[in-house]
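S.K.: One structure is given below, represented as structure tokens, and several questions about it will come after.
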């Protein structure tokens with residue numbers, strides 16, 4: 001009798017280097033399913049990631065079909081749907097790649113016990129990280145709290161295994177009659193915005209799916225790696241890989257990125273230096289470290305890692321938060337980043353740090369409000385990276401930037417967007433200002449403002465807070481909790 005397997009796609013929406021899919025396909029005819037998880041205990045996707053997911057699933061379904069497979073989409077609680085599917089389809093094996101948030105860890109344990117108890121084999125794999133969160137530890141076996149020694153220890157484990165090729169051929173068994181009513185079409189999931197359709201900028205900026213991820217990687221290695229170590233901080237340049245949303249949905253794996261970079265450097269196809277390559281790999285390392293933190297601190301997105309911050313005197317100013325969200329703080333680099341985010345679902349990493357620092361420190365808003373906004377609006381909103389990075393900026397996290405490190409958004413703009421190209425792109429009402437005034441228009445002389453057609457407080461807002469005053473107020477607040 002021909003064996004049947006079931007592969008459960010989750011954050012691994014690709015065919016290449018997908019160890020759980022390869023295992024299932026090697027067993028026999030394979031059901032490929034995706035479950036839109038609607039459990040209350042799992043954090044709901046934000047609007048931008050729902051948009052990305054819909055297109056990624058569409059691309060995955062087409063890729064499976066080209067190889068003879070089929071993607072069946074279900075909606076509900078996987079704890080009920082998977083065992084029911086396995087029983088009705090009489091599968092011999094279920095496979096999936098692991099996730100590391102608490103809700104997924106608990107679900108996986110319960111599913112393994114239930115499905116195995118019914119006589120069906122279960123195999124799970126690491127399909128999204130270079131190292132499992134428990135594999136890199138201190139010398140005493142404890143979780144690590146500082147990035148640099150974490151990444152050093154991770155590198156000492158050696159090169160990651162080579163990525164697996166995609167299955168060349170898949171066989172999709174027919175669905176049993178009892179399961180047909182459970183399968184949903186993509187439109188039925190209502191993942192894309194309609195009234196209003198705010199995703200036009202996302203469609204222009206991105207090509208979700210495995211092919212889009214592969215092309216982004218090729219383009220970056222060929223054209224973007226050279227000068228990356230320094231250029232990555234320049235939002236006015238196209239100097240980053242833009243692979244983060246593809247990694248978020250598993251359209252490409254870190255092993256694929258690692259080995260593609262190494263192969264290109266050995267062959268001479270990559271123009272970047274060793275320093276450029278190391279800096280880029282360290283960004284993968286920060287993602288790894290973030291998952292290490294999330295696994296060992298399941299409430300990373302909701303609770304201060306440093307408990308001293310439980311007593312921090314946040315201001316909870318709803319109007320300030322709304323103006324930050326809309327890119328109307330009166331501080332050009334911050335506003336440019338927030339408008340880029342709203343339009344494209346993405347923001348340059350240097351500007352993310354500046355915008356987050358301004359919200360937390362100059363405006364004294366709780367970092368969790370910013371984390372939640374990024375969760376809803378970023379196409380790469382990642383349960384580990386997003387939370388760990390916000391806590392890093394706040395000073396409340398592991399390996400955090402000291403609270404007294406407060407980004408000055410004016411000097412950051414002058415340093416990393418010296419000609420104001422980034423600001424002019426996203427804040428066209430400031431386009432006529434000279435370079436020397438573009439990052440602090442409220443300080444521009446009247447004749448420069450008049451020539452540019454700018455009236456501070458009318459055509460562009462005055463700053464929500466004086467930069468120097470905001471910095472000192474933040475330091476005073478921190479002094480209240482410093483132990």
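S.K.: Just to be sure I understand the filter: pairs with C-beta atoms under 6 Å, separated by 6 or more residues or on different chains, first member in region 201-219 and at positive phi, second member assigned to a helix (DSSP H, G or I). Which pairs pass?
M.R.: 209/56; 209/59
S.K.: Go through region 82-103 and count every residue that is part of a helix (DSSP H, G or I) and either over 31 Å from the mean Cα position of the chain (by Cα) or buried (at least 19 other Cβ atoms within 10 Å of the Cβ) (or both). So that I can check it myself, show each step before the final result.
M.R.: Filtering region 82-103 for residues part of a helix (DSSP H, G or I) gives 82-89, 102-103.
Pick out the ones that are also either over 31 Å from the mean Cα position of the chain (by Cα) or buried (at least 19 other Cβ atoms within 10 Å of the Cβ) (or both) and you get 82, 84-89.
So the count comes out to 7.
S.K.: Still on this structure: Could you check how many residues of region 64-80 are touching a helix residue (DSSP H, G or I) at 6+ places or on another chain (Cβ under 7 Å), part of a helix (DSSP H, G or I) and buried (at least 20 other Cβ atoms within 10 Å of the Cβ)?
M.R.: Matching residues across region 64-80 total 1.
S.K.: Take the conditions surrounded by fewer than 18 Cβ atoms within 10 Å (Cβ to Cβ), assigned to a loop (DSSP other than H, G, I, E, B) and out of contact with any strand residue (DSSP E or B) (no Cβ under 7 Å at 6 or more places or on another chain) and apply them to residue 153. Does it pass?
M.R.: no
S.K.: Quick one: which residue in 363, 378 is more than 17 Å from residue 471 (Cα to Cα) and in contact with a helix residue (DSSP H, G or I) (Cβ under 8 Å, 6 or more places away or on another chain)?
M.R.: Values: 363 fails: more than 17 Å from residue 471 (Cα to Cα).
Exactly one residue qualifies, and that residue is 378.
S.K.: Just checking, which of 330, 337, 395 is over 13 Å from the mean Cα position of the chain (by Cα), modelled with pLDDT under 95 and not assigned by TED's automatic domain parsing to the domain that holds residue 52?
M.R.: 395
S.K.: Run down 386, 408 and say which single residue is buried (at least 17 other Cβ atoms within 10 Å of the Cβ) and under 25 Å from residue 243 (Cα atoms).
M.R.: Of the residues listed, the single one that is buried (at least 17 other Cβ atoms within 10 Å of the Cβ) and under 25 Å from residue 243 (Cα atoms) is 386.
S.K.: So residue 159 passes all but one of these: (1) over 30 Å from the mean Cα position of the chain (by Cα); (2) surrounded by fewer than 16 Cβ atoms within 10 Å (Cβ to Cβ); (3) more than 20 Å from residue 295 (Cβ to Cβ). Which condition number does it fail?
M.R.: (1)
Yes/no per residue for (1) modelled with pLDDT of 95 or more; (2) surrounded by fewer than 22 Cβ atoms within 10 Å (Cβ to Cβ); (3) not in a loop (DSSP other than H, G, I, E, B):
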site	(1), (2), (3)
401	no, yes, no
415	yes, yes, yes
418	yes, yes, no
424	yes, yes, yes
433	yes, no, no
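S.K.: Answer with yes or no whether residue 134 is assigned to a strand (DSSP E or B), at pLDDT 95 or above and either surrounded by fewer than 16 Cβ atoms within 10 Å (Cβ to Cβ) or touching a helix residue (DSSP H, G or I) at 6+ places or on another chain (Cβ under 6 Å) (or both).
M.R.: No, not satisfied.
S.K.: Can I ask one more? Considering region 132-145 alone, what residues qualify as being more than 18 Å from the chain's Cα centre (by Cα), in contact (Cβ under 8 Å) with a residue 40 or more places away in the chain and closer than 17 Å to residue 97 by Cα?
M.R.: 134
S.K.: Under the condition of being out of contact with any helix residue (DSSP H, G or I) (no Cβ under 7 Å at 6 or more places or on another chain) and assigned to a loop (DSSP other than H, G, I, E, B), which residue from region 282-302 is farthest from residue 160 (Cα to Cα)?
M.R.: Filtering region 282-302 for residues that are out of contact with any helix residue (DSSP H, G or I) (no Cβ under 7 Å at 6 or more places or on another chain) and assigned to a loop (DSSP other than H, G, I, E, B), the one farthest from residue 160 (Cα to Cα) comes out as 299.
S.K.: Please enumerate the residues belonging to region 189-200 that are without any contact (Cβ under 8 Å) to a residue 12 or more places away in the chain and closer than 19 Å to residue 77 by Cα.
M.R.: Matches in region 189-200: 190 only.
S.K.: Shifting gears a bit: Find the residue count for region 1-21, including only residues that are surrounded by fewer than 24 Cβ atoms within 10 Å (Cβ to Cβ), touching a strand residue (DSSP E or B) at 6+ places or on another chain (Cβ under 9 Å), at pLDDT 95 or above and farther than 22 Å from residue 45 by Cβ.
M.R.: 2
S.K.: Could you please find all residues in region 306-338 being surrounded by fewer than 20 Cβ atoms within 10 Å (Cβ to Cβ), in contact (Cβ under 8 Å) with a residue 40 or more places away in the chain and assigned to a helix (DSSP H, G or I)?
M.R.: 308, 311, 320, 321, 323, 325, listed by residue number.
S.K.: Answer yes or no as to whether residue 442 is touching a strand residue (DSSP E or B) at 6+ places or on another chain (Cβ under 6 Å) and surrounded by 13 or more Cβ atoms within 10 Å (Cβ to Cβ).
M.R.: When the stated conditions are applied, residue 442 passes them.
S.K.: In region 244-258, which residues are surrounded by fewer than 21 Cβ atoms within 10 Å (Cβ to Cβ) and either under 28 Å from residue 412 (Cβ atoms) or free of Cβ contacts under 8 Å to residues at least 12 places away in the same chain (or both)?
M.R.: 244
S.K.: Which condition does residue 410 not pass, out of (1) farther than 30 Å from residue 47 by Cβ; (2) touching a residue at least 40 places away in the same chain (Cβ under 8 Å); (3) assigned to a loop (DSSP other than H, G, I, E, B), if it passes all the others?
M.R.: (3)
S.K.: Hey, any hits in region 27-34 for a residue that's outside the structural domain of residue 377 (by TED's automatic domain parsing), in contact (Cβ under 8 Å) with a residue 24 or more places away in the chain and part of a helix (DSSP H, G or I)?
M.R.: Yes; the residues of region 27-34 include at least one that is outside the structural domain of residue 377 (by TED's automatic domain parsing), in contact (Cβ under 8 Å) with a residue 24 or more places away in the chain and part of a helix (DSSP H, G or I).
S.K.: Out of (1) over 28 Å from the mean Cα position of the chain (by Cα); (2) closer than 26 Å to residue 344 by Cα, the odd one out for residue 69 is which?
M.R.: (2)
The values are calculated or read from the model by the stated rules, or taken from the named source; none is laboratory data. Since this is a predicted model, take the numbers as computed values, not measurements. Positions of Cβ are backbone-derived with ideal geometry, glycine not excepted, and every protein chain shown enters the neighbour counts.
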